[in-house]
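The values are calculated or read from the model by the stated rules, or taken from the named source; none is laboratory data. If you're wondering where the values come from, they're calculated on a predicted model, not measured in any experiment. When we count neighbours, we look across all protein chains shown, and the Cβ atoms used for this are built from the backbone with ideal geometry, even at glycine.
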Amino acid sequence: MEIYVQKFYLEHEKLTGSIERLCLRIGERFPGSGLLNVCENLLKVARQAEINIGNIARPNWRARLITFLFVMIVFFALVYAVMSLNVDFENVVFGQLIQISEAALNEIILIGAAVIFLLSLENRIKRKKIITEINGLRFIAHIIDMHQLTKDPKAATGTWEATEHSPKRKMTPFELSRYLDYCSEMLSFISKVGFLYIQDYNDPQTVNAVNELEVLTTGLSQKIWQKIMLIRDA
């Protein structure tokens, strides 16, 4: 029995639109806030992701040309070296034959390693670009975490006593709950933007980087939701 599995794609345009609406919501609730600035930066990164993904999907002809030229040079060099050999194989002793074989094997291994290195050049260039963008998303996630660190649920519920150097806390329980909810939404969007890069690019290292980003954002979001639940319980 054949099972048909439909493949779903995360649409970049809809994701960007959702982030844009989140920016508008934050701007209406907390105009001029640092959280709004973070969300606007995330929107720019999400829009840039579409351009980056398009560039990554296109063939890197420069890398392919370098690889092709190197392989051709190596091939003709080997042909020339074989044709230039002046060895009397009828009179060669066994020890000399072993030395010639070892030298030839070493050369073949070195040349093969160089060819493999160049054949993977295009993929490594794309991988480096994706991992760089993923690290940028990870940086935004930590910035969001910094914004929510000082948002203490006890301050909104009246069970907190301020000290001389305590940060100013003027949010109502509802405002604080919305603020934390916006932080959680942004963390979710960060992981989705990261997934866009591997949606059509199945490279183990980049997939691992996106999975690590997902683990990071999920962990930070869980901390935020613990605060939200404390506010709602109070």
**Count - residues of the range 56-75 that are surrounded by fewer than 11 Cβ atoms within 10 Å (Cβ to Cβ) and touching a residue at least 24 places away in the same chain (Cβ under 8 Å)** = 2
**Complete:** Across the range 22-55, the tally of residues that are exposed (fewer than 12 other Cβ atoms within 10 Å of the Cβ) and polar (S, T, N, Q) stands at 1
**Request:** For the range 14-46, enumerate the residues that are touching a Gly at 6+ places or on another chain (Cβ under 8 Å) and either at pLDDT below 90 or closer than 17 Å to LEU180 by Cβ (or both).
**Result:** LEU36
**All positions within the range 31-80 that are of a type in the set (A, V, I, L, M) and in contact with a Leu (Cβ under 9 Å, 6 or more places away or on another chain)** = LEU42, LEU43, VAL45, ALA46, ALA49, ILE53, ALA63, ILE66, VAL71
**Request:** Being part of a helix (DSSP H, G or I) and more than 19 Å from GLU133 (Cβ to Cβ) is the filter here, so list the residues in the range 51-62 that pass it.
**Result:** TRP61, ARG62
**Fill in**
The helices (runs of 4 or more DSSP H) lying wholly within the range 128-234 that contain at least 3 residues that are modelled with pLDDT of 90 or more are 173-198, 204-233
